[in-house]
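The values are calculated or read from the model by the stated rules, or taken from the named source; none is laboratory data. What you see is a predicted model; the values in this text were computed from it and never measured. Neighbour counts are summed over all protein chains in view; Cβ atoms, including those assigned to glycine, are modelled from backbone coordinates with ideal geometry.
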Amino acid sequence: MKEKIDEYLQEIDSLKANTKDELEQFRLRFISKKGVMTDLFQAFKEVPNEQKKEYGSQLNVLKEKAQEKFQELIDEVNSVKAQDEAQSIDVTLPSPSNTGSIHPLTKTKNRVIQIFERQGFSVAEGPEVEDDFHNFTALNFPENHPAREMQDTYFITKNPDTLLRTHTSNVQIRLMEHGKPPFRSIMPGRVYRNEAISARAHCFFNQVEGLYVDKKVSFKDLKQTLYHFSKEMFGKDTQVRFRPSYFPFTEPSAEIDISCFICKGDGCKICKHTGWVEIGGSGMVDPNVLEACGIDSGEYSGFAFGMGIERITMLKYQIDDIRLFSENDMRFLSQF
Ligand code: DAH
């Protein structure tokens, strides 16, 4: 009996199992009721009483060893299985996840910033929830002036002095009231107007404002800055045209038109067969605006402009519906 026990102990020690079948064989041989252990315990009954103690403890050792080994083998087989599974992943398959793309409006905004930064402009930001003073009064909109009506303002019902800014021109005031000239900044941001939503108009959109205030700034500087911008943004053959206009905060004021870069001025659907497309407004900062911000209009002058980021993007990529920018349709966004 002693020999048998030693033999089994050795067998258990040297055994290895890599597959489920081998594990099962081990179980049948050493763990199950039909295995060698049952035979041994059967034989144990025949052992003379004075040897029972010795063999009994040897049998228990063998039984424990078999249990321990069985657990070890289970762990081993499981880890082999896990490894196999890991190796069966094909790392060369294309990733199913979508990495996303830069929104076309962000692309345009970044390009605008890049062009103006190279001309010495910094980037400033201001609040979208604004008060009447910064959105209107300081920008030379007299109270009850019809120009306020033109802007279809969203007022906060509980406090009519608070509104959603209708343009980024509020940031001009925020910049000038707290600083000292010279100022040379562009101010991109979202604006709101109570307009019916259609392919051409939305109740929120983005503008980029520009402001340059210093001694002896003239209309010539305004023209040159916007010539440079237009050629960089739309191509070096782009022509710029200034059309007289009216804004309360600039005097004189002008709309900025660029030659249609699609038909090169011949006339097409985009330019409505005029050869020109409008990209924004501009002018010399009205002395009243400078004075409202505590700047001596006798010493300083400046120019300002404002352009629509959606408008520029729609022209550049020939997008015919402004609603696409806020619908988050991946089929549209993934093209940029
Ligand atoms: N604030 C004007 C608008 O929303 C755009 C604009 C025109 C801004 C002329 C300017 C400017 O700074 O000089 O329609």
### Message
For the stretch 17-53, give me each residue that is within 24 Å of residue 76 (Cα to Cα), among the charged types (D, E, K, R) and assigned to a helix (DSSP H, G or I).
### Response
20, 21, 22, 24, 27, 29
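Any idea which residue in the stretch 276-289 is farthest from residue 307 (Cα to Cα), counting only those that are in contact with a helix residue (DSSP H, G or I) (Cβ under 7 Å, 6 or more places away or on another chain) and within 13 Å of the ligand (Cβ to nearest atom)? Spell out the reasoning first.
Let us first name the residues in the stretch 276-289 that are in contact with a helix residue (DSSP H, G or I) (Cβ under 7 Å, 6 or more places away or on another chain), namely 277, 279, 282, 284, 289.
From the residues that got through so far, the ones that are within 13 Å of the ligand (Cβ to nearest atom) too are 279, 282, 284, 289.
On the way: 279: 6, 282: 9, 284: 15, 289: 19 Å.
Only one residue tops the list, namely 289.
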## Note on the structure
Restricted to the stretch 14-30 and to residues being over 60 Å from the mean Cα position of the chain (by Cα) and not aromatic (Phe, Trp, Tyr), the residue nearest to residue 59 (Cα to Cα) is 29
### Query
residue 230: more than 16 Å from the ligand (Cβ to nearest atom), among the polar types (S, T, N, Q) and closer than 22 Å to residue 167 by Cα, yes or no?
no
### Summary
Restricting the stretch 265-299 to residues that are among the charged types (D, E, K, R) and surrounded by 15 or more Cβ atoms within 10 Å (Cβ to Cβ), the one farthest from residue 137 (Cα to Cα) turns out to be 278
#### Entry: Filter result for residue 249 (within 16 Å of the ligand (Cβ to nearest atom) and within 18 Å of residue 297 (Cα to Cα))
yes
### Message
Tally up the residues in the stretch 78-101 that are exposed (fewer than 12 other Cβ atoms within 10 Å of the Cβ) and touching a Leu at 6+ places or on another chain (Cβ under 9 Å), please.
### Response
1
### Query
What about residue 192, is it within 16 Å of the ligand (Cβ to nearest atom) and modelled with pLDDT under 95?
no
#### Entry: Among residues of the stretch 173-231, those that are out of contact with any His (no Cβ under 7 Å at 6 or more places or on another chain) and in a helix (DSSP H, G or I), counted
17
### Query
Out of all the residues in the stretch 140-189, which are β-branched (Val, Ile, Thr), surrounded by 20 or more Cβ atoms within 10 Å (Cβ to Cβ) and away from the ligand (no atom under 13 Å from the Cβ)?
none
### Query
Of 180, 158, which residue is more than 30 Å from residue 296 (Cβ to Cβ) and of a type outside the set (Phe, Trp, Tyr)?
158
### Task
Can you work out which of the residues in the stretch 127-139 that are touching a residue at least 40 places away in the same chain (Cβ under 8 Å) and under 22 Å from residue 308 (Cβ atoms) is nearest to the ligand (Cβ to nearest atom)?
139
### Summary
Residues of the stretch 258-288 being under 25 Å from residue 205 (Cα atoms), part of a loop (DSSP other than H, G, I, E, B) and in contact with a strand residue (DSSP E or B) (Cβ under 6 Å, 6 or more places away or on another chain), in sequence order, are 260, 271
### Query
Which members of the stretch 195-224 meet the condition of being within 14 Å of the ligand (Cβ to nearest atom) and farther than 22 Å from residue 321 by Cβ?
209, 210, 211, 212, 213, 217, 219, 221, 222, 223
### Message
Which count do you get for residues in the stretch 125-172 that are under 19 Å from residue 295 (Cα atoms), in contact with a Phe, Trp or Tyr (Cβ under 9 Å, 6 or more places away or on another chain) and in a loop (DSSP other than H, G, I, E, B)?
### Response
3
### Message
I'd like the full set of residues that are touching a strand residue (DSSP E or B) at 6+ places or on another chain (Cβ under 7 Å) and more than 13 Å from the ligand (Cβ to nearest atom), limited to the stretch 233-242.
### Response
234, 238, 239, 240, 241
### Message
I'd like the full set of residues that are among the charged types (D, E, K, R) and either assigned to a loop (DSSP other than H, G, I, E, B) or within 16 Å of the ligand (Cβ to nearest atom) (or both), limited to the stretch 294-336.
### Response
296, 299, 310, 311, 320, 321, 327, 329
### Summary
Scanning the stretch 183-194 residue by residue, those basic (Lys, Arg) and over 21 Å from residue 320 (Cα atoms) turn out to be 184
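Have a look at 291, 255 and point out the one that is under 26 Å from residue 167 (Cα atoms) and outside any helix (DSSP H, G or I).
After ruling out the rest, the residue left standing is 255.
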